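Below is one structure; the comments refer to it alone.
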Amino acid sequence: MAPSDVEDSDDYYTSSDEYEDVEIPLAPKRRHPASNPKEVHRRMALQCQYCWKSGEPGVTLLKCGGCRRAVYCSKLCQKNAWKQHKPKCLDAQETRAGLDTSLLLQRKLLHKFVEKHRPTILNASYRALDIEAHPERALQDVLYVRVRRRPGHPRTETAFYVIDAEVTPIDSFVRAKDQIRECLREGPGGMPVTEDQKKGIFHGYMVVFTTDHDEISEFIPVAFSTAGERDVYSIGGIKGMSWKDQLVTMLNEGIVY
């Protein structure tokens, strides 16, 4: 379930003029004082796309050289995942080749922005979907975040500005709903989900970012366990804040861990 599993499109959603009057402030020129320059938690929040091992200290995750999205903790995991990953990898390469330069740059920037804020996104989405109490929502809803390109941004973590975030039914994604569900029904590395995983040891849910006017989208699949540790989802939380206030504050202030 790599971020490129679902292709970009301009008609997944119903466009809205609701946010036309939202004013986007200039990005701060310096790193936020609350940010961690080493971004330790961000690295821990990355997951091998085959075994779902987190990028904790001592674990090196390497990107696929083709799609430049999927990451693996070892050559063996990459080899084992290749049969399932190959068509998606080739599709991602074709999509990248077909985009004009400006859209390609914006897509890359959105991907980097999302990766910078991955710990916050994991924490907020886990809380928004209330996955701990209702794991079945993983196949029903997604966290949908709408962002707009930020003027004068000097840093990746402030490249976009969140203008809205809400829990949205998968069925509202006109063309992508079947692809999203197919991705979520797959286990690690795209392999069929085992009986143990069906009992709650492994699940996945989706977070969707889209730029205003639906030009570019980023689909973020997240693996979670209802029978194991959930430490990674506690990263980036702000005591006393709702999931939405936390998400908007952290991303719009450019606070990274």
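The values are calculated or read from the model by the stated rules, or taken from the named source; none is laboratory data. These numbers come from a predicted model, not from an experiment. Methodologically, a virtual Cβ is constructed for each residue, glycine included, from the backbone with ideal geometry; neighbour enumeration extends over all protein chains shown.
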**Study point:** Residues of segment 119-142 classified as touching a Leu at 6+ places or on another chain (Cβ under 8 Å) and within 21 Å of His41 (Cα to Cα), total
**Key:** 5
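A quick yes/no check of all residues on (1) out of contact with any helix residue (DSSP H, G or I) (no Cβ under 7 Å at 6 or more places or on another chain); (2) polar (S, T, N, Q):
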residue: Gly55; (1), (2): no, no
residue: Cys73; (1), (2): yes, no
residue: Phe113; (1), (2): no, no
residue: Ser125; (1), (2): yes, yes
Practice item. Could you please tell me which pairs satisfy a Cβ distance under 6 Å, a separation of 6+ or placement on different chains, a first residue in segment 83-103 that is polar (S, T, N, Q), and a second residue that is surrounded by 12 or more Cβ atoms within 10 Å (Cβ to Cβ)? Key: Gln84/Gly189; Gln84/Gly190; Gln93/Gly66; Thr95/Glu7
Point to revise | Positions within segment 33-43 being within 22 Å of Ile220 (Cβ to Cβ) and assigned to a loop (DSSP other than H, G, I, E, B), in sequence order | key: Ser35, Asn36, Glu39
Check your understanding: So which residues in segment 44-56 are in a loop (DSSP other than H, G, I, E, B) and among the hydrophobic types (A, V, I, L, M, F, W, C), if there are any at all?
Key -> Leu46, Cys48, Cys51, Trp52
Check your understanding: Is one or more of the residues making up segment 122-137 within 23 Å of Cys64 (Cα to Cα), at pLDDT below 90 and crowded, with 18+ Cβ neighbours inside 10 Å?
Key -> yes
**Study point:** Pairs, first closer than 16 Å to Val222 by Cα in segment 44-62, second of a type in the set (Asp, Glu), C-beta under 8 Å, six or more apart
**Key:** Met44/Glu56; Leu46/Glu115
Practice item. Only residues that are part of a helix (DSSP H, G or I) and exposed (fewer than 15 other Cβ atoms within 10 Å of the Cβ): list them for segment 144-172, please. Key: Asp171, Ser172
Point to revise | Top-ranked residue in segment 115-138 [being touching a residue at least 12 places away in the same chain (Cβ under 8 Å) and among the small types (Gly, Ala, Ser); ranked as nearest to Ala223 (Cα to Cα)] | key: Ala138
Point to revise | Verdict on Lys108 being of a type in the set (D, E, K, R), touching a helix residue (DSSP H, G or I) at 6+ places or on another chain (Cβ under 6 Å) and within 25 Å of Val162 (Cα to Cα) | key: no
Check your understanding: Quick check: is even one residue across segment 142-156 modelled with pLDDT of 85 or more, closer than 23 Å to Pro37 by Cα, touching a Ser or Thr at 6+ places or on another chain (Cβ under 7 Å) and not charged (D, E, K, R)?
Key -> no
Review point. Ala34: over 24 Å from Thr210 (Cβ atoms), over 20 Å from the mean Cα position of the chain (by Cα) and of a type in the set (A, V, I, L, M), yes or no?
Key: yes
**Study point:** Selection from segment 90-118 of residues that are part of a helix (DSSP H, G or I), within 17 Å of the chain's Cα centre (by Cα) and not polar (S, T, N, Q)
**Key:** Ala92, Arg107, Lys108, Leu109, Leu110, His111, Lys112, Phe113, Val114, Glu115, Lys116, Arg118
Review point. Can you pull out the residues in segment 70-109 that are surrounded by 16 or more Cβ atoms within 10 Å (Cβ to Cβ), within 17 Å of Phe219 (Cα to Cα) and modelled with pLDDT of 85 or more?
Key: Ala70, Val71, His85, Cys89, Gln106, Arg107, Leu109
